[in-house]
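Only one structure is covered here, and it is reproduced in the block below.
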Amino acid sequence: MELCVALDLPTKQENLDLIRDIKDYDVWLKVGLRSYIRDGEEFLKDIKKINPNFKIFLDLKLYDIPNTMADAAESIMGLGVDMFNVHASAGKRAMSEVMERLSAYETRPIVLAVTALTSFNEEEFAAVYEKEIAAKADQFAKDAMESGLDGVVCSAYESKSIKEITSKEFMTLTPGIRPFGEDAGDQQRVADVAFAKEALVDFIVVGRPIYKSANPAEVVRKILEQF
Ligand code: C5P
């Protein structure tokens, strides 16, 4: 299992301070919408300057028509990130077109599909997808695998079932992790590290429990200790 730290702080400076604080740990860094829209490619370069070994997950959750998604994926190739994601609800044709476009490159980042956002509860999810979260997440995972993606973003609660219906190698990345019973915030389906491990999760994403702590490096150390 790998730890992915979400860089969701309000300013670039605060994100960079957090990165410097945890620079000696073997973790992935997740650059999300806010940071990327505000700080762009320059921020990715700043991360590598602090420690070139940091792996970067660009969490932009692409969702558009197939050609636009494939164009965007190709632009992401130029950024040198190690992982990015799309929404599975964009459909199999869009996901396949993304993978087809990337197949022209010798190496490419890991590509994941978002199934159900971990902030959804059952009622909210049904209002959009007219199905239960677990069943729909399974279906999205199958679609993603058949489209050639490497794995999915899901909650720790869906990871095991997704591995069963796809394969053990098909990756799961789970946000909504609260390592030490911290406040869930807007997340609905939260789990701890032991649960994620048991659910065969490949990557856990942790944001607020790390960056809101008085000692982020210590929280990172304690999380890694549980691996
Ligand atoms: O602060 P917290 O640990 O809840 O952060 C979770 C991170 O994972 C946030 O950056 C959020 O955007 C992201 N995320 C999520 N649910 C998904 C996909 C990404 O919470 N399904």
Treat each spin label as a single point 7 Å out from the Cα along the C-beta direction, and report the Arg34 to Glu164 distance in nm. 3.7
May I ask you to list the lysines whose Cα is less than 17 Å away from that of Lys163, ignoring any residue fewer than eight positions away on the same chain? Lys136, Lys142, Lys197
Helix-only estimate, please: 222 nm mean residue ellipticity of the chain, summing -39500 (n - 2.57) across DSSP H runs of length 4 or more and dividing by its residues, to the nearest 500. -13500 deg cm²/dmol
Where in the chain are the DSSP H helices whose C-alpha atoms run 18 Å or more along the long axis and whose mean Kyte hydropathy is at least -1.0? 33-50, 133-146
Could you check the spin-label model distance between Ala72 and Ala217? Points 7 Å from the Cα along Cα→Cβ, value in nm. 3.7
Which value, in Å², gives the accessible area per residue of the chain when a 1.4 Å probe is used on the protein heavy atoms? 46
Measure off 7 Å from each Cα along the Cα-to-Cβ vector at Leu60 and Ala184, then give the distance between these two points in nanometres to one decimal. 3.2
The Kirkwood hydrodynamic radius of region 186-227, taken as the inverse of the mean 1/r over all distinct Cα pairs, in Å, comes to 11.2
Run the accessible area of region 1-149 with a 1.4 Å probe and give the carbon-and-sulfur part as a rounded percent. 48
What lysines sit close enough to Lys23 to cross-link, taking a C-alpha to C-alpha distance under 18 Å and skipping anything fewer than 8 places away on the same chain? Lys12, Lys45, Lys48, Lys49, Lys55, Lys212, Lys222
Which parts of region 18-52 would a label at Phe227 reach, counting a residue when its backbone N lies under 14 Å from a point 7 Å out along Cα-to-Cβ? 23-30
In a solvent-free Debye calculation with one equal scatterer on each Cα, what is log10 I(q)/I(0) for region 48-187 at q = 0.14 Å⁻¹, listed in the order of the q values? -0.67
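The values are calculated or read from the model by the stated rules, or taken from the named source; none is laboratory data. Just so it is clear, the model here is predicted, and its values are computed rather than measured. Note: ideal-geometry Cβ built from the backbone for every residue, glycine included; neighbour counts use all protein chains shown. All accessible areas refer to the heavy atoms of the entire protein, side chains included, with ligands and DNA or RNA removed. Shrake-Rupley method; radii C 1.70, N 1.55, O 1.52, S 1.80 Å.
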